[in-house]
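Asker: First the structure, which I've put down as structure tokens, then a few questions once you've had a look.
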Amino acid sequence: MNNSTIRVDPAEPGHGLWSYTVKASGHKVTMRPPVFEIDGAEVTASVTSLKAVGTPARSANGVTEHRVAGLCAHDPDLTLEIVLRIPDDNPVVRFRYILHSTHKRLLTRSSGHDALTYLNVSLASYPRVMEVRLSEFNRLVHSFVLSEQTLEPRDFDAALSVMGPLLVGEGNGHALLVAYEHGSQLPDAFLRYELHPDHNARLRAVKGSYVDGQLLAPEHPYTTLWMQVAAVKGTEQDLARAFRSSVLNHMSANKESRQPYIFYNTWAFQERNRWWYKNAYLDSMNEERLLAEIDVAHRMGIEVFVLDTGWYEKTGDWRVSAKRFPRGLGPIKAKLDGYGMKLGLWFDPLAAAVSSKILSEHRDCLMSWKGKPSEPHPVWETEESQRLCLVSRYRDAFAEELIRLVKEVGVTYFKWDAIGQYGCDDPHHQHGTLANTPEERANSYAFQLGACMAEVVDKLCAACPEAIVDFDITEGGRSVGLQFLSAGKYFLINNGPYSHDYNMPVPADGNVNLFFFPGSARGWVCRTPLTYDKWIPSVLFLTHYLPDDPADNQWTNLASLVLGQNGIWGDLLRISEEGITRFGETLRRYREVRHDITAGTLLRTGEVSGSPEVYEKINSANGRGVVSLFAGSSGSYTYVTAAQGLSSKYWHNEDVTVTYDAHGRARIEALLTGAGAKIIFFGVEG
């Protein structure tokens, strides 16, 4: 089992389970077997030999799935199957284990805690080790952000535990990465790496991986989460580029989720309508308003037009509101089709109106907590709803509802909102029974939630390959990590911090939002998490910028969104003709190089809100991409690109001069007469 860069082999007897080798150097990483607790006893799943199972299967995203299996050496009633997904030309291998039993056995928690070691790998060959966190919620910007933490030798000596989900080692000419695909907000760990003085790292279950007494039988194998391993001859930066490329090109079969479309969402105006103009949230959710917005959106270069909450009659059944849209969404879809634009709709996947058919057919799937079923609650000026559990038979019904909407309404983009990590400890679903404690059932629900969400997305995309699903993580307490990115993308920031985040009193009008006003501050907030792009492409973190006049505000937001977050929202009908043209012309040029920008890893120079604050995203294969320069003060600023061999074609907005040195680096001279931004597209005719 191999590709152009790496090879995977069974380990030598007595030396682990399987090995991963970098072809360029022969550098080898040994993966030790997982360890389970079965019938009260610890079982190390060492195998006598590994043999191929079935025929390797190749998917459309350039990944081949291999399956091998072997009898467990110390318990021949058990068979360990290894599933490996190996891309054609990338060193990142995804893998998981499936434990089979020939007769009834039980997974147990005799200590009262999960007893499962997913992997055990040595980091002794890597003097520098780093934990990469994806789910640290930063209150300053009210957003999840990337966090990289260096692990010192003292951390291993002290047997520290860290959450990851990535561990990265570097040294002696190589870099190694291991990762797991799950999600939760730090420090709420469902898995964690236990560090040991011998510089081994063991990925251990903490909670939720299984319930006490979970059946292990011929018809009930145990399947682990997906994990990842990658190694390169080179540096941590080389490894980060390879991992980023894997997430973009190989991790998901749902290719549309990776496309750099330009999105518009109606919610910002709905909020303004409520708080500025003292109307209802749903007053603007009508055919006349939306048809007018679509005309403007098309001229601005928007490609996906998303109707946020209020398009529906009631949650759960998800039929178009006859009151707000007497002719249905047909006229809106027809206009979008005429412009070559896509239709998007908002959903709360757990909500079902009290009179909905789906609730009446799935009352056994009602979420409950401490014996009390979900109470009816209002949902954005529509009928009161109750909450249904996705870790139950309901998720299949929800998937079918989405597939119906693709066929009947023509929606291809689905925005999922309001899915917290916790909320159900019911003993009659698929996350524990009366034999388990409420806490255990709640943790099992929270553990399985991300996988169940991804399952719905994969089912939808299998039936409708053009579908895109994003999961709103604009609030804390949500399942954030690699798991959902195997199926969809994230909606990262709506308005950013609230008054109470900054210990400020709630304004008299009750509007707690701080950053849904035009101006530079919102951009500071929204650009802060762009650091994710080192490991995860920014195209997977949809973030919306405001298109309001004046020109300086528009240039700042254009220069921000073209870095890959690709979202626009606001009051389209109040934008000046000059502003509409500015967006349309700039985004037309952006579309010429957006795939290059998506491929290029982001390099930031300067601090967010500093002067200058510069972002470079260049495709190293062809020298095409973008440089965005921001400043809060008037003056002349100079920047020299790190990338060499830049395209000789370029375009920029006013007061910018570009020259090239002998290596093909660009020297950019920018003059700003106040707070604003400059955009330089490379690979676009001026």
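Asker: Calculated FRET efficiency, ARG154 and ALA508, Cβ-Cβ r, R0 41 Å, to nearest 0.05?
Answerer: 0.20
Asker: What does the charge dipole of the stretch 323-369 about its Cα centre add up to, to the nearest 20 debye, if the Cβ of each Lys and Arg holds +1 and the Cβ of each Asp and Glu holds -1?
Answerer: 360 debye
Asker: Further question on the same structure: If r is the Cβ-Cβ distance from GLU592 to ALA462 and R0 is 35 Å, what FRET efficiency results, to the nearest 0.05?
Answerer: 0.60
Asker: Quick one: of LYS255/LYS342; LYS407/LYS459; LYS415/LYS459; LYS534/LYS678; LYS489/LYS534, which pairs are farther than 18 Å apart, Cα to Cα?
Answerer: LYS534/LYS678
Asker: Using just the C-alpha positions of the stretch 44-169 as equal point scatterers, what log10 of I(q)/I(0) does the Debye formula give at each q in 0.18, 0.21, 0.23 1/Å?
Answerer: Once normalised to I(0) and log-transformed, intensities are -1.18, -1.20, -1.24.
Asker: Another question, if that's okay. Rank-order 601-608, 154-161 by packing density, defined as the average count of other C-beta atoms within 10 Å over each peptide's residues, highest first.
Answerer: Listed from highest to lowest mean packing, they are 601-608, 154-161.
Asker: Using the charge dipole of the chain (Lys, Arg: +1 at Cβ; Asp, Glu: -1 at Cβ; taken about the Cα centre), state which of GLY169, THR315, PRO378 has its Cα farthest towards the positive end.
Answerer: GLY169
Asker: Still on this structure: Apply 1/(1 + (r/R0)^6) to the Cβ-Cβ distance of SER161 and THR223, taking R0 = 25 Å, and write down the FRET efficiency to the nearest 0.05.
Answerer: 0.55
Asker: So, in nm, how far is label SER125 from label LEU434 when the simple model puts each one 7 Å beyond its Cα toward the Cβ?
Answerer: Reported label-point gap for SER125 and LEU434 is 5.4 nm.
Asker: Also: Convert each backbone phi in the stretch 671-685 into a coupling constant with the Karplus relation 6.51 cos²θ - 1.76 cosθ + 1.60 (shift: θ = phi - 60°), then list the ³J(HN,Hα) values in order as whole Hz, x for Gly and Pro.
Answerer: Values, residue by residue: 10, 10, 9, x, 4, x, 8, 10, 10, 10, 8, 9, x, 10, 5 Hz.
Asker: Between ALA280 and ILE98, what is the label-point separation in nm under the 7 Å Cα-to-beta-carbon projection?
Answerer: 5.1 nm
Asker: Turning to a different aspect of this structure: For the residue pair LEU106 and LYS51, what label-to-label distance in nm results when each label sits 7 Å from Cα along the Cα-to-beta-carbon direction?
Answerer: So the two model labels end up 3.3 nm from each other.
Asker: In debye, nearest 20: dipole of the stretch 141-295 around its Cα centre with unit charges on the Cβ of K, R (+) and D, E (-)?
Answerer: Computed charge dipole of the stretch 141-295: roughly 60 debye.
Asker: I need the peptides 616-625, 486-495 ranked by packing, meaning the mean over residues of other C-beta atoms within 10 angstrom, with the highest value on top.
Answerer: The packing order, highest mean first, is 486-495, 616-625.
Asker: How do 344-354, 252-262, 201-211 rank on mean C-beta neighbours within 10 Å, highest first?
Answerer: Order by mean packing, descending: 344-354, 201-211, 252-262.
Asker: Report, by chain and number, residues whose modeled amide H sits under 5 Å from the one on LEU307, excluding near sequence neighbours (fewer than 5 apart, same chain).
Answerer: HN-HN under 5 Å from LEU307: GLY344, LEU345, TRP346.
Asker: Charges only on Cβ, +1 for Lys and Arg, -1 for Asp and Glu: so what's the dipole of the chain about the Cα centre, in debye to the nearest 20?
Answerer: 1020 debye
Asker: Kyte-Doolittle cut-off -1.0, length cut-off 30 Å along the helix's own axis using Cα: show which whole DSSP H helices in the chain pass.
Answerer: Counting only whole DSSP H runs, the qualifying helices are 438-463.
Asker: Identify all lysines with a Cα-Cα distance to LYS207 below 24 Å; exclude those on the same chain that are fewer than 8 residues away in sequence.
Answerer: List returned: LYS104, LYS370, LYS372.
Asker: Using the Karplus equation 6.51 cos²θ - 1.76 cosθ + 1.60 (θ = phi - 60°), what ³J(HN,Hα) coupling, rounded to whole Hz, does each residue of the stretch 132-138 give in order, writing x for Gly and Pro?
Answerer: 10, 9, 10, 10, 7, 8, 9
Asker: For the chain, what is the calculated [θ] at 222 nm in deg cm²/dmol (nearest 500), taking -39500 (n - 2.57) for each run of four or more DSSP H residues and dividing by its residue count?
Answerer: -6500 deg cm²/dmol
Asker: So how many Å³ per residue does the convex hull of the Cα atoms of the chain work out to?
Answerer: Taking the convex hull of the Cα positions in the chain, it is 165 Å³ per residue.
Asker: Additional query: Multiply the residue gap between ASP655 and ALA24 by 0.36 nm, knock off their C-alpha separation, and tell me the result in nm, one decimal place.
Answerer: 222.4 nm
Asker: While we're on this one: Could you look at the stretch 74-191 and say what percent of its accessible area is carbon and sulfur, using a 1.4 Å probe and all protein chains?
Answerer: Carbon and sulfur: 48 percent of the exposed surface of the stretch 74-191.
The values are calculated or read from the model by the stated rules, or taken from the named source; none is laboratory data. A quick note: this is a predicted structure, and the numbers were derived from the prediction, not measured. Neighbour counts are summed over all protein chains in view; Cβ atoms, including those assigned to glycine, are modelled from backbone coordinates with ideal geometry. Accessible surface areas use protein heavy atoms only, side chains included; no ligands, DNA or RNA. Shrake-Rupley method; radii C 1.70, N 1.55, O 1.52, S 1.80 Å.
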